[in-house]
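A.B. asks: I have a structure here, written as structure tokens, and I will follow up with some questions on it.
The values are calculated or read from the model by the stated rules, or taken from the named source; none is laboratory data. The model shown is predicted, which means the values in this text are computed figures rather than measured ones. Side chains are part of the model used for accessible areas, which takes the heavy atoms of the whole protein and leaves out ligands, DNA and RNA. Shrake-Rupley method; radii C 1.70, N 1.55, O 1.52, S 1.80 Å.
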Amino acid sequence: ILLAAGSVGYAVTVPTEGESFTEFSLLTQNETGDLVADDYPTNFTTGESQSLVVGVTNQETQSMTYTVVVDLQRVTVSNGSVQVQEANRLHQFTPELRDGATWRRTHRITPSMTGERLRLQYRLYRGTPSDGLNGEPYRSLHLWVSVTNATAS
């Protein structure tokens with residue numbers, strides 16, 4: 001009984017470390033102005049812009065610097081593997097966040113590459129470009145989009 005009581009007392013009085021993670025989100029603004037994870041634009045025309053909101057929330061228990069890279073990519077998919085054939089860098093952001101802070105950035109996507117089933121890729125890295133952003137991103141998000149030429153009828 002004493003051992004059980006001691007174990008419960010220890011568990012209650014000693015704080016446990018929470019899980020550390022980073023939230024990465026892609027949002028749109030609905031008709032009432034609220035940010036939602038829904039109704040993403042999937043059809044674009046070259047030279048015309050559409051807005052999206054990218055967000056990062058730091059839950060890493062320490063201040064962090066992140067880099068968000070946004071590319072439009074022409075890809076091939078074969079046997080579950082995705083190969084990038086062509087990529088255009090659209091945006092790059094480097095937010096610095098204290099623990100618990102959220103950063104959001106409204107940005108406009110204005111594609112110049114045309115095609116069906118292009119991948120709008122958002123990659124989140126811990127660190128800055130000077131740290132080297134090669135390798136796998138910490139988090140990633142993507143949308144499949146189609147882009148038509150503005151002069152096409």
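A.B. asks: Within segment 54-150, what whole-number % of the accessible surface is contributed by carbon and sulfur, with the 1.4 Å probe and all protein chains included in the calculation?
C.D. replies: 39
A.B. asks: Ordering M113, M64 from largest to smallest accessible area (1.4 angstrom probe), what's the sequence?
C.D. replies: So, going from the largest accessible area down, we get M64, M113.
A.B. asks: Additional query: What does the extension gain come out to for T148 and Q92, with contour length at 0.36 nm per residue minus their alpha carbon separation?
C.D. replies: 17.8 nm
A.B. asks: If you average over every viewing direction, what projected area does the convex hull of the Cα atoms of segment 35-153 give, in nm²?
C.D. replies: 8.7
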